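Remarks on the structure that follows.
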Amino acid sequence: MEALPCQGCKGLCCGPVPITEREWKRIKKKIKTMPSKKRLQLEKQTRFFGTCMFYDLENDLCGIYAVRPEICRKFGYHKDMPCFRKPELATKERLESREKPIGILSIDFTWNQLK
């Protein structure tokens with residue numbers, strides 16, 4: 001599968017990010033093991049409203065890439081979620097999730113829930 005051209009996008013497509021209960025548990029576990037300097041660096045960044053709280057604007061990448069939600073893994077490859085820079089990669093049918101979302105990162109879930 002061809003990679004998306006994410007460098008330079010500054011997280012414009014990273015939100016809103018709905019998450020499931022299982023994803024939230026994995027994210028919380030990851031944050032607990034994250035070096036405090038890295039966590040604080042992510043937490044203090046100012047983002048556009050709705051942009052994922054884990055998007056690292058300074059380094060132009062996902063701060064929790066290994067445990068990113070399913071929607072982030074599927075973005076750009078499904079017809080209902082094309083990448084504006086490379087829409088031809090969106091060849092898979094509509095994304096169907098097995099689990100219901102419990103909320104949206106940066107809106108329903110913030111850094112306060114991780115303290």
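None of the figures in this text is laboratory data; all of them are computed from the coordinates on show. Everything quoted here is computed from the prediction, not taken from an experiment. No Cβ is skipped: glycine too gets one built from the backbone with ideal geometry, and neighbour counts run over all protein chains shown.
About the centre of its Cα atoms, the stretch 31-93 shows a dipole size close to 200 debye [charges on the beta carbon of Lys, Arg (+1) and Asp, Glu (-1) only; nearest 20 debye]. Take the Kirkwood radius over Cα pairs of the stretch 28-107, plug it into Stokes-Einstein at 25 °C and 0.890 mPa s, and you get 171 µm²/s for translational diffusion. Think of it this way: in the chain, C6, C9, C13, C62, C72, C83 stand alone, with no other Cys Cβ under 4.7 Å. Estimated purely from DSSP H runs of n ≥ 4, each contributing -39500 (n - 2.57), the mean residue ellipticity at 222 nm for the chain is -6500 deg cm²/dmol once divided by its residues.
Towards the positive end of the charge dipole of the chain, with charges on Cβ (+1 Lys, Arg; -1 Asp, Glu), say which of Q113, S97, P87 has the farthest Cα. The one lying farthest along the dipole's positive direction is Q113.
Report, as a whole number in µm² per second, the diffusion coefficient that Stokes-Einstein gives for the stretch 67-115 at 10 °C and 1.306 mPa s using the Kirkwood radius over alpha carbon pairs.
For the chosen part, D equals 128 µm²/s.
When the pairs K30/K100; K92/K115; K32/K86; K38/K92; K37/K86; K32/K74 are compared against a 32 Å limit on Cα-Cα distance, K92/K115; K32/K86; K38/K92; K37/K86 fall above it.
With Cβ to Cβ distances under 12 Å as the rule, what net charge do the other residues near H78 carry (K, R +1; D, E -1)? Its environment carries a net charge of +1.
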